[in-house]
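Step one of this worksheet: look at the structure below.
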Amino acid sequence: MKNLILKDKTAVITGSSRGLGFAIAQTYARAGAKIVIASRSPRSVDLAVDSLRKEGFEAVGLACDVADMQQVEALAELAIQTYGSIDIWVNNAGLSAPYGPTVHIPNTDFMDVVNTNIIGTYNGSMTAMRHFLKQGSGKLINLLGRGDTGSVPLQNAYSSSKVWVRNFTKALAQEYKDSGVEVIGFNPGLVMTEMLSKVHAVKGYEEQLSPLRFVAMLWGNEADVPAEKALWLASAATDGRSGLFVTVLTKWMMISRLIGLPFKYLFDRSTKLLDLNVTSVDPAVGD
Ligand SMILES: NC(=O)c1ccc[n+]([C@@H]2O[C@H](COP(=O)([O-])OP(=O)(O)OC[C@H]3O[C@@H](n4cnc5c(N)ncnc54)[C@H](OP(=O)(O)O)[C@@H]3O)[C@@H](O)[C@H]2O)c1
């Protein structure tokens, strides 16, 4: 039986119908938290809630597009009505645009990333912070990602959105450092989810994604690995540590995996290349 370090806590996790968000929901639930599941697809939300309840956990859910402030507020309302309060809010919902040069990316795809990763994180953060500041406690965890400290050509929508999330989170932590609320940035590293395996590329750029198969085998983690780190971030261990930025894929992990790869390949039969599924999209403009 897991240590119930989140007993009596309520956690809202956006984008938690699958992937890392669902793994975080499961991990928090096993640690005693009451869970609020959310994503855009009502059916996926129901399935995720059912799956947690079948394991004997307390969970509710709501279809919620984080790009819409009213839907995000309704999500908070559901949590408060059902469980009385919110203690942990994870802005996990995230999207990436097709791989390719920025001008070739269809506007709608670029804007979906902006609306989910930037506007969605803003909506979730404001909703959570207004509640947390009133109650004088709470943990806000914002998901960072590749490129959050720099720029990544051919992945400009995603990487620049995560730069924004990092800076926004940092400023929020500075503004509210003595409030009793912890504001935390979390980069989960490479995670074996649909975001990694089901990707889109502008026509002509598909092949450039091939190395991802190998990179993921080398440095990818199953979602339960970053979810455990997210559990630590949500626990009392981070009390008073607002402004914390944590990354799962450290330089040390990258080097040690590189050195250990030949042995892993020889002795661990489960080691295999990522099952990469690339869908081509037409460029928004011609060359
Ligand atoms: N996978 C990685 O290697 C990796 C690396 C670094 C950072 N991250 C970050 O980790 C987070 C989770 O990624 P993941 O790999 O678990 O992705 P994923 O498997 O694609 O899952 C994304 C989740 O977000 C939901 N979602 C997408 N857009 C949404 C919106 N506008 N409103 C509400 N929910 C939305 C999806 O459900 P619906 O489609 O039903 O809405 C789904 O539940 C993201 O912030 C991502 O940037 C991932």
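For the range 180-191: of the residues being outside any loop (DSSP other than H, G, I, E, B) and either of a type in the set (A, V, I, L, M) or near the ligand (Cβ under 9 Å from one of its atoms) (or both), which is surrounded by the most Cβ atoms within 10 Å (Cβ to Cβ)?
Among those residues, the one meeting the criterion is 183.
Which condition from (1) touching an Asp or Glu at 6+ places or on another chain (Cβ under 7 Å); (2) within 16 Å of the ligand (Cβ to nearest atom); (3) touching a residue at least 12 places away in the same chain (Cβ under 8 Å) is the one that residue 9 breaks?
(2)
Picking from 219, 232, which residue would you name as being hydrophobic (A, V, I, L, M, F, W, C) and modelled with pLDDT under 95?
Details: 232 fails: modelled with pLDDT under 95.
Answer to the selection: 219.
I need the full set of residues from the range 12-31 which are assigned to a loop (DSSP other than H, G, I, E, B) and either surrounded by fewer than 24 Cβ atoms within 10 Å (Cβ to Cβ) or more than 9 Å from the ligand (Cβ to nearest atom) (or both), in order please.
First pass over the range 12-31, keeping only residues assigned to a loop (DSSP other than H, G, I, E, B): 15-18, 31.
18, 31, listed by residue number.
Among the candidates 170, 162, 177, 134, which residue alone is crowded, with 19+ Cβ neighbours inside 10 Å and either out of contact with any helix residue (DSSP H, G or I) (no Cβ under 7 Å at 6 or more places or on another chain) or at pLDDT 95 or above (or both)? Reasoning before the result, please.
Working: 170 fails: crowded, with 19+ Cβ neighbours inside 10 Å; 177 fails: crowded, with 19+ Cβ neighbours inside 10 Å; 134 fails: crowded, with 19+ Cβ neighbours inside 10 Å.
One residue alone meets the criteria, 162.
Just to check your reading of the model, which residue among 76, 97 is within 16 Å of residue 158 (Cβ to Cβ), within 20 Å of the chain's Cα centre (by Cα), within 15 Å of the ligand (Cβ to nearest atom) and not β-branched (Val, Ile, Thr)? Break it down into steps so the answer makes sense when it comes.
Values: 76 fails: within 16 Å of residue 158 (Cβ to Cβ).
Testing whether each residue is within 16 Å of residue 158 (Cβ to Cβ), within 20 Å of the chain's Cα centre (by Cα), within 15 Å of the ligand (Cβ to nearest atom) and not β-branched (Val, Ile, Thr) leaves just 97.
Could you say whether any residue in the range 127-143 is part of a loop (DSSP other than H, G, I, E, B), of a type in the set (A, V, I, L, M, F, W, C) and over 22 Å from residue 112 (Cβ atoms)?
In the first step, residues of the range 127-143 are kept if they are part of a loop (DSSP other than H, G, I, E, B); the result is 136-137.
From what's left, of a type in the set (A, V, I, L, M, F, W, C): none.
No: zero hits.
Pairs under 7 Å by beta carbon, first residue under 18 Å from residue 111 (Cα atoms) in the range 59-76, partner surrounded by 21 or more Cβ atoms within 10 Å (Cβ to Cβ) and of a type in the set (Gly, Ala, Ser), six or more apart or different chains?
64/38; 66/93; 66/120; 66/124; 67/120
Those residues that are surrounded by fewer than 16 Cβ atoms within 10 Å (Cβ to Cβ) and charged (D, E, K, R), I need them from the range 192-212; list them, please.
194, 198, 203, 207
Collect the residues in the range 32-51 that are more than 12 Å from the ligand (Cβ to nearest atom) and either part of a strand (DSSP E or B) or more than 19 Å from the chain's Cα centre (by Cα) (or both), keeping them in residue-number order. Even if it seems obvious, please write down each step before you answer.
Keep residues of the range 32-51 that are more than 12 Å from the ligand (Cβ to nearest atom), which gives 32-36, 49-51.
Those that are more than 12 Å from the ligand (Cβ to nearest atom) and either part of a strand (DSSP E or B) or more than 19 Å from the chain's Cα centre (by Cα) (or both): 32, 34, 35, 36, 50, 51.
Can you name the residue in the range 238-251 that is outside any loop (DSSP other than H, G, I, E, B) and in contact (Cβ under 8 Å) with a residue 60 or more places away in the chain and is also nearest to residue 178 (Cα to Cα) among such residues?
We begin by selecting, within the range 238-251, every residue outside any loop (DSSP other than H, G, I, E, B); these are 238, 245-247, 251.
With the extra rule that they be in contact (Cβ under 8 Å) with a residue 60 or more places away in the chain, the set shrinks to 238, 245-247.
Values: 238: 14, 245: 17, 246: 20, 247: 24 Å.
By that ranking, first place goes to 238.
List pairs: first in the range 124-145 and closer than 14 Å to residue 173 by Cα and free of Cβ contacts under 8 Å to residues at least 60 places away in the same chain, second more than 16 Å from the ligand (Cβ to nearest atom) and of a type in the set (Phe, Trp, Tyr), Cβ under 6 Å, 6+ apart or cross-chain?
Filtered contacts from the range 124-145: 138/132.
Could you list, in sequence order, the residues of the range 192-224 that are within 30 Å of residue 137 (Cα to Cα) and either away from the ligand (no atom under 11 Å from the Cβ) or part of a strand (DSSP E or B) (or both)? Quick ask: steps written out before the conclusion?
Quick first cut of the range 192-224, residues within 30 Å of residue 137 (Cα to Cα) only: 223-224.
Across the range 192-224, the qualifying residue is only 224.
The values are calculated or read from the model by the stated rules, or taken from the named source; none is laboratory data. Quick caveat: nothing in here was measured; it's all calculated off a predicted structure. Here Cβ is always computed from backbone atoms with ideal geometry, including for glycine, and neighbour counts include all displayed protein chains.
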